[in-house]
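We did not get these values from a lab; they are worked out from the coordinates using the rules stated. Bear in mind that the values here come from a model prediction, so they are computed numbers and not experimental data. As a convention, Cβ positions derive from the backbone with ideal geometry for all residues, glycine included, and neighbour counts pool all protein chains shown.
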Amino acid sequence: MTHEVIMPALGMAQETGVLVRWLKEPGDPVVKGEPLIEVETDKAVQEVEAQADGFLGSVSAAAGDEVPVGQVIGKIYVDASAAASRERDETVPEPSRSGPEPAPSPEPASTAPKTEAPQASNSLGVKTHSGRVLASPKVRRLAAEEGLDLELLVQAGYSQPFHVSDLTALRSIATETAAQSIAPASAGARRGRLDAVCDARNLATLREQFSSQAKLDLPPGVFFARFAAQALRASMDRTDELVIRLEKLEGAKFAQPTLYIDPDQSRLTTDPTESEAEATLILRDLTDSALSGVMLIDDFSGPILTVARDEGRGLFILGLDYGTEHLTNDAAIAVLTYFAGALADPLVHLA
């Protein structure tokens, strides 16, 4: 007598579940009511109990497999010897066939040798990876929404199946990969990157004061542009014209860029500058998005400053990408340090 183990429905609209792991191995005794498998849905990872006493025999799903609800993934046998026999015969199941085996198709006269993709095996002897990425539906959906490639986690050596917590690492890997893929703007040019965080609460308070007392609604980008220009002048003794190109991410794309010419030498304003001047620095405002950083493929070789926001901790997340033909390492550190300090204490730097 056998009892089938099926992928359970753990939610109202659940269509599939990801088998995180088996808590028993083939041949192990199973007691009704004790945890047998772990299943991941869009909500969480849950333990699923065995529905019968016996011995675990064959399994037809491996850790990381996404399985339709109701599909059989294993069997429990009353007799230990039957379970052992099934374990030998069906650990790696073949698709069921009815009728005689079809005759093999004739091979072409000349074919290139096939190279099999390497496949890892778990402790049950079941193949867990055949060239596809193992992740829950929720992780796949979130990665697709952000344009992230889960294969990067595989290449970086992260263990599968992937969970939502792995997306933080994936975002960093994607940014680094994009940076490495950009060819230098000129022979011998190299690019570097610096990251920093600073308090975002003082700027929010200052903007509220402008709004309530001066009836002036100034978006964060206005302050970002002013402080970026100040940082370049203070760190590099720049006396020439500075053109800051502000690019704000709205939804899934950047809005029309706004140019600010010498924003550190004029009053705070939301009025864009009409100019065909080439940007000295690109400033990318990510504060209204879920992104913490971007490295886009473009032809701009100058410094690129990004500002994101961690709303929960009240912080700005800053990044500076620069080429050595525009900024030395010491100058880049000075620019980002000044910029972070200005955002953290904006009132002092507006004086």
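Using the charge dipole of region 137-177 (Lys, Arg: +1 at Cβ; Asp, Glu: -1 at Cβ; taken about the Cα centre), state which of F162, L148, T175 has its Cα farthest towards the positive end.
F162
Quick one: dipole size for region 2-90, taken about the Cα centre, charges +1 on Lys/Arg Cβ and -1 on Asp/Glu Cβ, in debye to the nearest 20. Provide the component values of the computation, followed by the final result.
Details: 7 positive and 17 negative charges, 22 e Å.
The dipole of region 2-90 has a size of about 100 debye.
Set the Förster distance to 41 Å, then compute FRET efficiency between T2 and A44 from the Cβ-Cβ distance, nearest 0.05.
Values: r = 30 Å, r/R0 = 0.73.
Computed FRET efficiency for T2 and A44: 0.85.
7 Å from Cα along Cα→Cβ at both A277 and E34: what's the point-to-point distance in nm?
Placing both labels 7 Å along Cα→Cβ, they lie 7.5 nm apart.
Under a point-charge model restricted to the Cβ atoms of Lys and Arg (+1) and Asp and Glu (-1), what is the dipole moment magnitude of region 272-335 relative to its Cα centre, in debye to the nearest 20?
Numbers: 3 positive and 12 negative charges, 76 e Å.
Once rounded to the nearest 20, the dipole reads 360 debye.
Using unit Cβ charges (K, R positive; D, E negative) and no other charged atoms, how large, in debye to the nearest 20, is the dipole of region 137-177 about its Cα centre?
On the way: 4 positive and 6 negative charges, 37 e Å.
In total the dipole reaches around 180 debye.
Roughly speaking, what is the stretch gain from N202 to D217, that is 0.36 nm per residue apart minus the C-alpha to C-alpha distance, in nm to one decimal? List each step's numbers first, then the result.
Numbers: separation 15, 0.36 × 15 = 5.40 nm, distance 1.59 nm.
Answer, rounded to one decimal: 3.8 nm.
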